[in-house]
Structure formats: structure tokens, C-alpha cells
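Okay, so here's the structure we're looking at.
Just so it is clear, none of the values below were taken in a lab; they were calculated from the coordinates. Note that this is a predicted model, so its numbers are computed, not measured. Note that each Cβ is placed from the backbone with ideal geometry, even for glycine, and that neighbours are counted across all protein chains shown.
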Amino acid sequence: MRVIVKNGREIQHNTIVYAYPDGAIDVICAADPIFREPGWEAAEWAEPEAKPRGAAREAGKKAEGADMERSMRRARAKLRRLALANQFEYFVTLTLDPARIDRYDPAAVTKALGRWCDNMVRRHGLRYILVPEQHKDGAFHFHGFMAGRGLEARDSGVEWDGRPVYNLPQWSYGFTTAQRLYGEYHAAVGYCCKYIGKQSGQRPLGRWYYSGGALQEPRKIYADRDYRACGENCENVAEFSIPGTKIKVFKQKGG
């Protein structure tokens, strides 16, 4: 079956601009048109041709390492865009008490986290991004951002860098810390992103991160720019190639 909808050149662009509420932008510019606007099907679509199982397995093994690295980079970029598009209040750490839950069991941890987050979103308007991390002994815990109209934070009596450290009493599975976000928000987001792939580039619970609540996505603008001149007044943070084209990535803060 084939569906012809539009000439491929007419629905592809060489630049994506992500725009954030604080005026910051990210620019991804390719030497050739490769970015397809949402809402369009591929210009020509067909059922993929099946490959022999043995060949598919062998190809999968060879690509697994590279695919995991690409997946990790994509997850970091997506978490960063999501965090910059939303204003969070706290940087949090959630631990698990072995007396309350088997913190070494991925299924038990995932189920408990999902149940708690779902309840907090529905009842208290929680917005969150959480990155799972695994202790050296195999136990799981989480780092990330939170905000919400009904999120409780109690002063623990402890200070860090001259500022109070809070606890989150609504988290019933273990110990928590929460620090109000202040100063350079972009730096805090970058710090959180580093937790992705910290364990030798692996997904601790089968996912790079968890997110939920009424989160906003950054505004995405498709454009066509001169690849050679792209990035003026922006910080060039990466340049790499994929088959068929070269790509530059830039960041520019607002204000």
C-alpha cells in the first residue's frame, strides 16, 4: 500500500528552533533538509520488507551500543527541553526505605512510583521530571524536579549552602530532600541531565526518566537557514554527522 501526500522537499526543512518562556532558544541546523513538519505522513510509505531473523539479530547486536548512546543523547536533550519549557520549584531526591519496599526490585519500584505520581498529579496538581539512579549495591532512588499547588515541603532544620533543605512528607516510601531552585536555572537543568546514563549508559529501570502532570512543550519552529552562517550570536555546543548530512547544535540564553 502506498500513500502519496506531498513532495518530500516541500515538507522538509534544515532547521528546528526550540523557543522557551525565558527567551532562550536552541537551534539545530543541518546542511540538508531533514526535519519533517508534524502532521504529514512520509511522502511515500510502504510496509517494511521483512529481514531473515538471523540477519536481523546480527544487525541488532552490532547496532545495540551505538543505538544506546544515541538514545541517551536524545533523552538528555528531551529532558532539557522539557525542563526549560516549565518552571519547577524544587530539585528533589527520593529514596526508598527497605522496610517499606524492595528497593532492589525494578517492578516493585516502578509500580510504587507510578501509583504515587498518578495520585499526586490528580489530587495535588504535581508536575515532575524524575531520573532513576542505582546505588552501587543495586538499590534505586530518584533525582529530579517538582512543582505543584498541593506539594508539601517541610523545613528539615538542615541547611545546604546557606539555604534550607526541605523534606516531602507526602512521599511515603522513604527519605526525601528538596531544595528550592534559585540562581542559574539553566545550570540546574544541566546538572539534572547528567544523571541520565550515569550508570555506564544504561537505563536503570528500563526508562531514562519519568515525567508527568500539566507540562508544557517548548515552541518548535521549522525554518530554512544557511548552514554555513547558522549560529551567529549563539554558543556552538555540538557538531556531528549522520548519514547524508552534517548537523550543528547551538544554544542561546534569553534576557
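The table below lists the values:
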quantity: For Cys192, net neighbour charge (Lys/Arg +1, Asp/Glu -1) across residues whose Cβ lies under 10 Å away; calculated: +3
quantity: Rg/Rg_ref, the range 99-223, where Rg_ref = 2.2 N^0.38 Å and atoms are Cα; calculated: 1.13
quantity: Inter-probe distance in nm under a simple model that places probes 7 Å from Cα toward Cβ, at Val237 and Gln202; calculated: 2.8 nm
quantity: Inter-probe distance in nm under a simple model that places probes 7 Å from Cα toward Cβ, at Asp137 and Asp22; calculated: 3.7 nm
quantity: Label point distance in nm, Ser156-Asp97, each placed 7 Å from Cα along Cα→Cβ; calculated: 1.5 nm
